[in-house]
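Colleague: Take this structure, written in structure tokens, and hold onto it; I'll ask about it next.
The values are calculated or read from the model by the stated rules, or taken from the named source; none is laboratory data. A quick note: this is a predicted structure, and the numbers were derived from the prediction, not measured. Virtual Cβ from ideal backbone geometry, glycine too; neighbours counted across all protein chains shown.
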Amino acid sequence: MDADNFLQKQQKQRGRPFEKGRSGNPAGRRPGSRNRSTQAAQLLLEGEAEALTRKAVELALGGDPAALRLCLDRLIAPHRERLVPLALPRMRNPGDLAGVMEAITAAVARGVLAPGEAAELAKVVETCIRSIETRDFDSRLRALEDTTAVGR
């Protein structure tokens with residue numbers, strides 16, 4: 001092998017020696033397999049869950065902020081989005097956007113919607129308006145194509 005071929009081969013292998021989607025170990029690691037350290041920790045903690053839970057509660061009751069946070073995280077369900085009944089005007093054309101956004105803004109002003117919720121709702125309205133515009137564009141294009149086809 002001459003020097004140029006050797007250098008080209010070295011440059012090609014740098015960074016990504018294997019082709020995309022294939023590694024040097026085709027069998028690879030099985031999905032869902034756990035690290036040895038995770039397995040070792042589980043073996044050590046096996047059978048101690050009740051005692052550890054009791055100790056965490058004792059520490060939390062004693063005023064330990066980390067233990068208190070741990071216990072409360074387990075007691076209180078994670079925050080999920082709330083459903084807010086909000087009457088919005090129908091959107092049939094882009095001109096209806098102003099009325100819908102006015103209703104969303106009024107709901108924020110009344111404290112019915114949080115500003116973040118209103119922002120997410122505005123994204124939904126924007127998507128709806130885009131779909132209406134696409135539908136209208138498609139129908140106008142079809143009408144033009146039909147009139148052009150008839151005139152030929």
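Colleague: Using the structure shown, decide if Glu58 is of a type in the set (D, E, K, R), exposed (fewer than 10 other Cβ atoms within 10 Å of the Cβ) and at pLDDT 70 or above.
Modeller: Working: of a type in the set (D, E, K, R): yes; exposed (fewer than 10 other Cβ atoms within 10 Å of the Cβ): no; at pLDDT 70 or above: yes.
No.
Colleague: Answer with yes or no whether Glu50 is in a helix (DSSP H, G or I), loosely packed, with under 12 Cβ neighbours inside 10 Å, at pLDDT 90 or above and more than 28 Å from the chain's Cα centre (by Cα).
Modeller: On the way: in a helix (DSSP H, G or I): yes; loosely packed, with under 12 Cβ neighbours inside 10 Å: yes; at pLDDT 90 or above: no; more than 28 Å from the chain's Cα centre (by Cα): yes.
Taking the combined requirement at face value, the residue does not satisfy it.
Colleague: Any residue that is surrounded by 11 or more Cβ atoms within 10 Å (Cβ to Cβ), at pLDDT 70 or above and over 28 Å from the mean Cα position of the chain (by Cα) - is there at least one of those in the range 65-75?
Modeller: Scanning the range 65-75, I find at least one residue that is surrounded by 11 or more Cβ atoms within 10 Å (Cβ to Cβ), at pLDDT 70 or above and over 28 Å from the mean Cα position of the chain (by Cα), so the answer is yes.
Colleague: Right, here's the next one. Out of the residues in the range 76-94 meeting the condition of being loosely packed, with under 10 Cβ neighbours inside 10 Å and not basic (Lys, Arg), tell me which one is modelled with the lowest pLDDT. Break it down stepwise before answering.
Modeller: Within the range 76-94, the subset loosely packed, with under 10 Cβ neighbours inside 10 Å is 76-83, 85, 87, 90, 92.
Next, only the ones that are not basic (Lys, Arg) stay: 76-79, 81, 83, 85, 87.
Details: Ile76: 80, Ala77: 72, Pro78: 72, His79: 69, Glu81: 72, Leu83: 78, Pro85: 82, Ala87: 88.
Applying the filter and picking the extreme gives His79.
Colleague: Every residue in the range 120-138 that is touching a residue at least 12 places away in the same chain (Cβ under 8 Å) and within 11 Å of Val100 (Cβ to Cβ), please.
Modeller: If the condition is that a residue be touching a residue at least 12 places away in the same chain (Cβ under 8 Å) and within 11 Å of Val100 (Cβ to Cβ), then Leu121, Ala122, Val125, Cys128, Ile129 are the ones that fit.
Colleague: Report yes if Ala56 is assigned to a helix (DSSP H, G or I), touching a helix residue (DSSP H, G or I) at 6+ places or on another chain (Cβ under 7 Å), among the aliphatic types (A, V, I, L, M) and not assigned by TED's automatic domain parsing to the domain that holds Leu121, otherwise no. Before the answer, list the steps.
Modeller: On the way: assigned to a helix (DSSP H, G or I): yes; touching a helix residue (DSSP H, G or I) at 6+ places or on another chain (Cβ under 7 Å): yes; among the aliphatic types (A, V, I, L, M): yes; not assigned by TED's automatic domain parsing to the domain that holds Leu121: yes.
Spelling it out, Ala56 is indeed assigned to a helix (DSSP H, G or I), touching a helix residue (DSSP H, G or I) at 6+ places or on another chain (Cβ under 7 Å), among the aliphatic types (A, V, I, L, M) and not assigned by TED's automatic domain parsing to the domain that holds Leu121.
Colleague: Among the residues of the range 77-115, count how many are in a loop (DSSP other than H, G, I, E, B) and closer than 20 Å to Ile129 by Cα. Reasoning before the result, please.
Modeller: Going residue by residue through the range 77-115, those that are in a loop (DSSP other than H, G, I, E, B) are 77-93, 111-114.
From what's left, closer than 20 Å to Ile129 by Cα: 86-93.
Residues flagged as in a loop (DSSP other than H, G, I, E, B) and closer than 20 Å to Ile129 by Cα within the range 77-115 amount to 8.
Colleague: For the range 30-47, how many residues are in a helix (DSSP H, G or I) and among the acidic types (Asp, Glu)?
Modeller: First pass over the range 30-47, keeping only residues in a helix (DSSP H, G or I): 36-45.
In the following step, the residues that additionally are among the acidic types (Asp, Glu) were identified as none.
Number satisfying all stated conditions: 0.
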